[in-house]
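Below is one structure, written out as structure tokens, with a few remarks after it.
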């Protein structure tokens, strides 16, 4: 491959200011500057069509570098704005890290609207958060709550959002738009269950597959994506609306019975002021055992009874961990791998 088909990959530093990131991203999108890696990547150059690189675990769980073109990122931003009815001059707030595609998308959308990005201390027309942030806004973070209430729309993605949390948000006056997507599709491409303009969605053997103009070039060092991108998520289509059931790897098998960790986590968090996370830990007797961690006190007998009543006798936690700081990923999702390590250290 000759040099003209490659471009330099510049790694965005943690010390970069938001204006610096915007300026460099604008140049990358116009192909007037190097491509940008928003996070760690072992590559120093990329295909000429690549504008942004996002590190991700990919569909296999192993570290990968997702290559995104300018056209894909702009298609994503424009489809989002079309859905939201955004106009030139509208403002986005950045409440997520730019090491994640959702944070980078806020930068791209602000470039498209010709406005400066604000933070939680200023009013914004639109913002994007994860369910954990929404939960905290509704349970004590008054500054964040006001910021979300004042926005025209609040995109909530990154993991499933329970119906109870959505109902609480609506009662508080927050206009939530649930989103589903991944780095390989330039972030959220399904809003409130419906596909954005240009997005194709299908479910094959229970697994969600996506296609559209915002699809990534591929993983650096691997063959480009072709056709539909097969996700790691289970879902169902009902009258054109996508219902995401959960990750295919979100289930554990304990004593021969399947248990959805996401479903248990959402159930325990519904209506609770404290946070819970369900994880699976290795167990000699059960193969995998259900374990529950929380940042507050745990009434073990009450939790057991609630879960048994809702899901059956097989959904009985074997281990508990209370009053800890729950580990999260860079975007604020529960970090189950770290929790498993913590449970392993105290076993």
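In the same structural domain as residue 184 (by TED's automatic domain parsing) and surrounded by fewer than 16 Cβ atoms within 10 Å (Cβ to Cβ): does that describe residue 77? Reasoning before the result, please.
Numbers: in the same structural domain as residue 184 (by TED's automatic domain parsing): yes; surrounded by fewer than 16 Cβ atoms within 10 Å (Cβ to Cβ): no.
No.
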Would you please name the residue that is surrounded by the fewest Cβ atoms within 10 Å (Cβ to Cβ), looking only at residues in the range 83-109 that are touching a helix residue (DSSP H, G or I) at 6+ places or on another chain (Cβ under 6 Å) and within 21 Å of residue 195 (Cβ to Cβ)?
109
Among the residues of the range 270-294, count how many are surrounded by fewer than 17 Cβ atoms within 10 Å (Cβ to Cβ), assigned to a loop (DSSP other than H, G, I, E, B) and either in contact with a strand residue (DSSP E or B) (Cβ under 7 Å, 6 or more places away or on another chain) or modelled with pLDDT of 95 or more (or both).
1
Kindly list the number of the only condition in (1) assigned to a strand (DSSP E or B); (2) surrounded by 22 or more Cβ atoms within 10 Å (Cβ to Cβ) that fails for residue 177.
(2)
Return the residues of the range 125-146 that are over 27 Å from residue 66 (Cα atoms) and part of a helix (DSSP H, G or I); say none if nothing qualifies.
134, 135, 136, 137, 142, 143, 144, 145, 146
Which condition breaks for residue 172 when tested against (1) in contact with a helix residue (DSSP H, G or I) (Cβ under 8 Å, 6 or more places away or on another chain); (2) surrounded by fewer than 18 Cβ atoms within 10 Å (Cβ to Cβ); (3) free of Cβ contacts under 8 Å to residues at least 40 places away in the same chain; (4) over 30 Å from residue 325 (Cβ atoms)?
(4)
Just one of (1) farther than 30 Å from residue 285 by Cα; (2) surrounded by 13 or more Cβ atoms within 10 Å (Cβ to Cβ); (3) under 19 Å from the mean Cα position of the chain (by Cα) trips up residue 232, so point out which.
(1)
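Restricting the range 183-226 to residues that are out of contact with any strand residue (DSSP E or B) (no Cβ under 7 Å at 6 or more places or on another chain) and assigned to a loop (DSSP other than H, G, I, E, B), which is surrounded by the most Cβ atoms within 10 Å (Cβ to Cβ)? Please lay out each step first, then the result.
From the range 183-226, those out of contact with any strand residue (DSSP E or B) (no Cβ under 7 Å at 6 or more places or on another chain) are 197-198, 204-205, 213, 221-223, 226; that's our starting set.
So of that shortlist, the ones also assigned to a loop (DSSP other than H, G, I, E, B) come out as 197-198, 205, 213, 221-223, 226.
Numbers: 197: 13, 198: 16, 205: 7, 213: 18, 221: 10, 222: 11, 223: 7, 226: 8.
My answer is 213.
The values are calculated or read from the model by the stated rules, or taken from the named source; none is laboratory data. In this text the structure is predicted, and so the values were computed from the model without any measurement. In this analysis, Cβ positions are derived from the backbone assuming ideal geometry, glycine residues included, and neighbour counts consider all displayed protein chains.
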